[in-house]
Amino acid sequence: MHSPKIIPPLRIAFVGLGERGRQALRLMLPQEGVQVVALCDLAQANVEDAWQLVADRAPLLLCDGREAYKQVCQAEGIDLVYICSDWTSHTPIAVEAMRGGKHVAIEVPAAMTMQDIRLLIATAEQTGRQCFMLENACFEQQVMEAIAAIRRGEIGEVVHAEGCYYHRLGDRWSPWRLNINRQKRGDLYPTHELGPICQALGIGTEDRLQTLVSMDSQALTGSQIYQQLMGQTAEDFQNADHTTTLIRTSRGRTILLKHDVLTQQPYERQFTFIGTQGRIELHDQGHSTHETMTQTMNQHLIDSLRHGTPLAISIYDMGTWCAAIPLSQESIARGFAPVAFPDFYV
């Protein structure tokens, strides 16, 4: 999906100004060719804190409250709505913004249900607006180099890929994220691993994700963390200490995803690609900065919107990667049964 060129500056509204939103705002402000024109959050205090970062740039619109995002989505003079709110609010904000004529950029995961995924895709197609998922793991330098090497055939035909996300939930996370893990089983945060793997394997062009099976361990640690951080018991805590997902593609390649945000393992994002002529293995234990990845991603987004060129992550990529969330939940609920991936690229 292509869009007309945007004459600079690219006018951006930020919706969701908690820890992640303010960090995103700080990283966007130095970028050339952009202008922050609106700030929006549920809490007035978050808007005021973000306003201090903007200083003399004078946003056109400051708003807070539960329905405040609708003001932003309906306002004139905004090209892009940059969404950093909690996961469950991503889709209604993005849909409202696209229907209001704005492009949208959405923090990961962009959507958590198949209904919301299909709604985002349909709205983007109907409105002609871009809907970009802010998956910065695809813009990490070593990841981009590995993807390029694989695409050049340097390890032959890839037959298997693995990715893990180990990042223990602690007191830096807002209660909403802990509550989502309390309520749901499954791999709730797969796109950091699945996105780069799909790009390396040409998912969407040369291959498709076909079948998924998820299996989880006992849920032992989550209730303890909930008690520590929330001061309340959570005997009903749903998400397991460790969730494993296996995916098979149409061409017979396999992908293994590992998700653990509860045990005391150290932070790590890991990739392994096994080919017929070699192997590539990547580890990130916090050495590559979130800031660098995000700045590279932002520059790509800005350039694509300003010049009307294709985005590196399409709306159909977004749908496919996010679909692993509800499919993993379905597989587990059905006794770890195989479930089919929808083909959003057709």
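Every read-out reported here was derived from the displayed coordinates using simple, explicitly stated rules and does not represent laboratory data. Only a predicted model underlies this, so the values are computations on that prediction, with no experimental measurement involved. Cβ atoms come from the backbone with ideal geometry, glycine included; neighbour counts cover every protein chain shown.
Report the gain in length on full extension from L60 to T289: 0.36 nm times residue separation, minus Cα-Cα distance, nm rounded to one decimal.
Between L60 and T289, full extension yields an extra 79.3 nm.
Considering only DSSP beta bridges whose two residues both sit in the chain, what percent are antiparallel, to the nearest 5?
Once the DSSP bridges in the chain are tallied, antiparallel ones form about 50 percent.
With the Cα gyration tensor of the stretch 29-93 in hand, convert its eigenvalues to equivalent ellipsoid semi-axes via √(5λ) and list them largest first in whole Å.
19, 14, 12
Given H placed on each backbone N at 1.01 Å, which residues far from R251 in sequence or on other chains put an amide H within less than 5 Å of it?
R208
I need the peptides 45-51, 7-13 ranked by packing, meaning the mean over residues of other C-beta atoms within 10 angstrom, with the highest value on top. Walk me through the numbers before you get to the answer.
On the way: 45-51: 17.0, 7-13: 19.4.
Put in order of decreasing packing, that is 7-13, 45-51.
Specify the inter-centroid distance of the stretch 111-163 and the stretch 260-308, based on alpha-carbon positions, in whole Å.
When both Cα centres are located, 12 Å separates them.
For K184, list the aspartates and glutamates whose Cα falls under 16 Å from its own Cα; do not include residues on the same chain fewer than 8 positions away.
Excluding near neighbours in sequence, the set is D86, D216, E235, D236, D241, D260, E330.
Evaluate the relative contact order of the stretch 10-134 (contact order divided by residue number), counting alpha-carbon pairs under 8 angstrom at least 6 apart; express in whole percent.
Working: 240 pairs, mean separation 29.3, N = 125.
It comes to 23 percent, rounded to a whole number.
If you line up the Cα atoms of the stretch 1-124 on their principal axes, what length do they span on each, largest first, in Å?
Principal extents (largest minus smallest coordinate, Cα): 41, 33, 23 Å.
Is it possible to state the helix-based mean residue ellipticity at 222 nm for the chain, with each DSSP H run of 4+ residues giving -39500 (n - 2.57), the sum divided by total residues, to the nearest 500 deg cm²/dmol? What is it?
Result for the chain: -11000 deg cm²/dmol, rounded to the nearest 500.
Under 20 Å from the Cα of K102, which lysines turn up, not counting those fewer than eight places away in the same chain?
The qualifying lysines are K5, K70.
So for the chain, averaging the separation of alpha carbon pairs under 8 Å that are six or more residues apart and normalising by length, what relative contact order in percent results?
This gives 21 percent for the chain.
Hey, what did the stretch 58-215 get for relative contact order, percent, Cα under 8 Å, at least 6 apart?
18
Amide H neighbours of G156 under 5 Å, at least 5 residues apart or on other chains, H built in the peptide plane: list them.
Residues meeting the criterion, in which the H sits 1.01 Å from N, are Q277.
Could you sort the peptides 129-137, 114-122, 17-25 by per-residue average Cβ neighbour count (10 Å cutoff), highest mean leading?
Descending packing order for the listed peptides: 129-137, 17-25, 114-122.
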